[in-house]
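Since the structure comes first, as structure tokens, the remarks are kept for the end.
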Amino acid sequence: MKTLDFKPKMISALKNYNRQTLMADMMAGVIVGIVALPLAIAFGIASGVSPEKGIITAIVAGFIISAMGGSKVQIGGPTGAFIVIVAGIIGQYGIQGLTIATLMAGVFLIMFGLLHLGTIIKYIPYPIIVGFTSGIAVTIFSTQVKDLLGMSIDNVPGDFIEKWIAYAHHLTDIDPWSAAVGLVSVAIIATAPKLSKRVPGSLIAIIVMTVAALLLKTYAGVTSIETIGDRFSISSELPDAVVPELTWETIKGLVAPALTIAILGAIESLLSATVADGVIGDQHNSNTELIGQGVANLVTPIFGGIPATGAIARTMTNINNGGRTPIAGIVHAVVLLLIFLFLMPLAKYIPMACLAGVLVVVSYGMSGWRSFMALMRNPKSDVTVLLLTFLLTIIFDLTIAIEVGIVCACLLFMKRMSETTDVKAVYDEIDLNEDADMERGNLEHLTIPKHVEVYEINGPYFFGAGNKFEDLMGRYGQRPKVRIIRMRKVPFIDSTGLHNLENMCRMSQREGITVVLSGVNEKVEAVLRRNDFPHIVGEENICNHIDLALARANEIVSK
């Protein structure tokens, strides 16, 4: 039975903690908190909830992920990857449905960690990750075009294609002032890193554009620039904890979206933690990280928050500014809490076009277009999975994309694994210089007697190997009296391979052919014996190496 793998990095990080590390963590935490503010607001609005819920998510989840997670420097909160799935759940099930789905995702994540699936999730194929990440980026960009250009569209269609058709029909409705705010915001964010890497470009853009919008409204009479306050009522009061009413029907309907949130959150958080490990020279505990993420997604929705996970951009900002322990993540959450309590009313003056500009830059960063184009040069199977996941993400939804992408990747993996197992026929003589399963003495080769066939399996014996046997056995001109199957290079055999091998042996016996197994390793032999294989082929026909197998074949032929 596997032991509980829950060892928060907070515990080990505080053992040799000192004043110098505390100051570095506090400085990094303050900077990350400021960086997280505009992103939390933007992600909340883009997901279909009020701006304060994005900040609440960053506060609650950010604190728990740092305190209970398996990475020293992980910063948690709402991310762009969840925008598509959250907006879809709200559209179909409402806010309460999102709350229940997030709670369920938290349970799934905790189960992933308890079942030690942290390392397995890392092996989801790279084309799938790039495909749905790029698809999410395109989808986020498409949702921000209306606000970026100030289009007057009452109800933007949810369907990707219909959305762009609607944009094309409303090109004449673009508000030049809103478009200017949005495009200038993008320009500021893009150029800010060249001037200062410490002050986030998104924060600069929000401050500059908010002031500009106020000045235009006050002194130039420009009232067409929509702000957060025009669309939402801003509250700086801490929400009460509310547990939603759970019904079996609702839970059944939300299993697929909840599982998508959990898988997406697991992938993104573990990728972020892995990237962080490479920078700081540490090693995160993936199962602890999943449990921490799960607890965060259990608690956050009770306070009105949305799904959260580890955020690569904020985690790297934390590292680059000196953060080295989970204290930095906790400070980041405290900074956001103070901003929420005392400065939240000012958020109503932020232009929607500016937030759209922030998300346009986020979507560009998420797109990973360089990785996407590099994968297009890979084998056709990888390109197929990449394009399929990408197109399903933007045309349908992320749930379908991940499900179909993983199924396709599994099928391709099975196909590739079956190709690694080679079954070959050995004719006339066996070259002993290539053998390691027998004492060859001074001999250079062994001659295969008449009426004897020798086959050799190289690789795991599972699905696909049986068909290769059938193809090879049909090539011999005459029916043999003995078939020797060399299994010295078979590391394991699964139930499918065992079934195929049994069928082949019984088919041979019906034709009057004796099957002799040669060079079976201990692990494979144990499987064969548990399935009563000696009774099928005969104990005397399971030989340790090829010279014994040939001797046994000669004995059978001579009789």
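The values are calculated or read from the model by the stated rules, or taken from the named source; none is laboratory data. Not measured: the values here are computed from a predicted model. Please note: Cβ atoms are built from the backbone with ideal geometry, for glycine as well, and neighbour counts cover all protein chains shown. For the accessible areas, the whole protein counts, side chains as well, though only heavy atoms, and no ligand, DNA or RNA atoms are used. Shrake-Rupley method; radii C 1.70, N 1.55, O 1.52, S 1.80 Å.
When the stretch 257-277 is filtered for residues that are at pLDDT below 90 and either in a loop (DSSP other than H, G, I, E, B) or open to solvent by 40 Å² or more (accessible area, probe 1.4 Å) (or both), the ones remaining, listed by number, are L271, T274, V275. Number of residues in the stretch 407-444 that are more than 27 Å from N500 (Cα to Cα) and at pLDDT 75 or above: the value is 0.
When restricted to residues that are under 11 Å from I128 (Cα atoms) and of a type outside the set (S, T, N, Q), the stretch 377-391 contains 7. Scanning the stretch 78-98 for residues that are polar (S, T, N, Q) and crowded, with 24+ Cβ neighbours inside 10 Å returns a single hit, T79. Going by the structure shown, is I56 open to solvent by 10 Å² or more (accessible area, probe 1.4 Å), at pLDDT 95 or above and either in contact with a helix residue (DSSP H, G or I) (Cβ under 9 Å, 6 or more places away or on another chain) or farther than 25 Å from P8 by Cα (or both)? So I56 passes the test.
The residues of the stretch 122-159 that are farther than 19 Å from A401 by Cβ and either touching a residue at least 12 places away in the same chain (Cβ under 8 Å) or under 27 Å from the mean Cα position of the chain (by Cα) (or both), listed by number, are K122, Q144, V145, K146, D147, L148, L149, G150, M151, S152, I153, V156.
The rows are residues; the columns are (1) over 19 Å from Q74 (Cα atoms); (2) modelled with pLDDT of 90 or more; (3) open to solvent by 50 Å² or more (accessible area, probe 1.4 Å); (4) of a type outside the set (G, A, S).
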| position | (1), (2), (3), (4) |
| --- | --- |
| T300 | no, yes, no, yes |
| G304 | yes, yes, no, no |
| F340 | yes, yes, no, yes |
| V385 | yes, no, no, yes |
| T389 | yes, no, no, yes |
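How many of the residues in the stretch 59-77 are under 17 Å from P239 (Cβ atoms) and either over 23 Å from the mean Cα position of the chain (by Cα) or open to solvent by 10 Å² or more (accessible area, probe 1.4 Å) (or both)? Final tally of qualifying residues: 4. Does A333 satisfy being modelled with pLDDT under 95 and crowded, with 24+ Cβ neighbours inside 10 Å? Against the criterion (modelled with pLDDT under 95 and crowded, with 24+ Cβ neighbours inside 10 Å), A333 does not qualify.
Considering only the stretch 350-386, how many residues are farther than 19 Å from G44 by Cβ, part of a helix (DSSP H, G or I) and within 20 Å of the chain's Cα centre (by Cα)? Can you show your working first?
First, the residues of the stretch 350-386 that are farther than 19 Å from G44 by Cβ: 364, 367-386.
Applying the additional criterion that residues be part of a helix (DSSP H, G or I) yields 364, 367, 369-375, 380-386.
Okay, now just the ones that are also within 20 Å of the chain's Cα centre (by Cα), so 364, 367, 369-375, 381-386.
Number of matching residues: 15.
In the stretch 213-228, the qualifying residues are those that are under 45 Å from the mean Cα position of the chain (by Cα) and among the hydroxyl-bearing types (S, T, Y), and the one that is least open to solvent (accessible area, probe 1.4 Å) is T227. So A192 passes all but one of these: (1) closer than 23 Å to I306 by Cβ; (2) open to solvent by less than 40 Å² (accessible area, probe 1.4 Å); (3) part of a helix (DSSP H, G or I). Which condition number does it fail? Of (1) closer than 23 Å to I306 by Cβ; (2) open to solvent by less than 40 Å² (accessible area, probe 1.4 Å); (3) part of a helix (DSSP H, G or I), only one is false for A192: (1).
Can you name the residue in the stretch 246-256 that is outside any helix (DSSP H, G or I) and in contact (Cβ under 8 Å) with a residue 24 or more places away in the chain and, of all such residues, is farthest from L117 (Cα to Cα)? Outline the logic, then answer.
Kept after step one, since they are outside any helix (DSSP H, G or I), are these residues of the stretch 246-256: 246-247, 254.
After this cut, where a residue has to be in contact (Cβ under 8 Å) with a residue 24 or more places away in the chain as well, the list is 246, 254.
Values: L246: 27, L254: 22 Å.
Step by step, filter the stretch 246-256, then rank; the result is L246.
Flag set for I45, criterion: more than 30 Å from T119 (Cα to Cα), touching a Pro at 6+ places or on another chain (Cβ under 7 Å) and not acidic (D, E). For the stretch 288-321, the set of residues classified as under 15 Å from F43 (Cα atoms) and among the small types (G, A, S) consists of G304, G305, A308, G310, A311, A313, listed by residue number.
Which of the helices (runs of 4 or more DSSP H) contained wholly in the stretch 102-177 include at least 1 residues that are among the small types (G, A, S) and open to solvent by 40 Å² or more (accessible area, probe 1.4 Å)? Steps first, answer last, please.
On the way: elements: 118-121, 126-149, 160-169.
Helices (runs of 4 or more DSSP H) meeting the threshold: 160-169.
Hey, does the stretch 232-240 have a residue that's under 21 Å from G62 (Cβ atoms), out of contact with any strand residue (DSSP E or B) (no Cβ under 7 Å at 6 or more places or on another chain) and surrounded by 15 or more Cβ atoms within 10 Å (Cβ to Cβ)? Before you say what the answer is, go through the steps one by one.
Filtering the stretch 232-240 for residues under 21 Å from G62 (Cβ atoms) gives 234-240.
Keeping just the survivors that are out of contact with any strand residue (DSSP E or B) (no Cβ under 7 Å at 6 or more places or on another chain) gives 234-240.
Restricting the remaining residues to those that are surrounded by 15 or more Cβ atoms within 10 Å (Cβ to Cβ) gives 234, 236.
The answer is yes; a qualifying residue exists.
Among the residues of the stretch 392-423, which ones are in contact (Cβ under 8 Å) with a residue 60 or more places away in the chain, within 10 Å of I128 (Cβ to Cβ) and in contact with a Leu (Cβ under 9 Å, 6 or more places away or on another chain)? Of everything in the stretch 392-423, those that are in contact (Cβ under 8 Å) with a residue 60 or more places away in the chain, within 10 Å of I128 (Cβ to Cβ) and in contact with a Leu (Cβ under 9 Å, 6 or more places away or on another chain) turn out to be A401, I402, G405.
For the stretch 342-361, the set of residues classified as among the hydrophobic types (A, V, I, L, M, F, W, C) and open to solvent by 30 Å² or more (accessible area, probe 1.4 Å) consists of F342, L343, L346, V361, listed by residue number.
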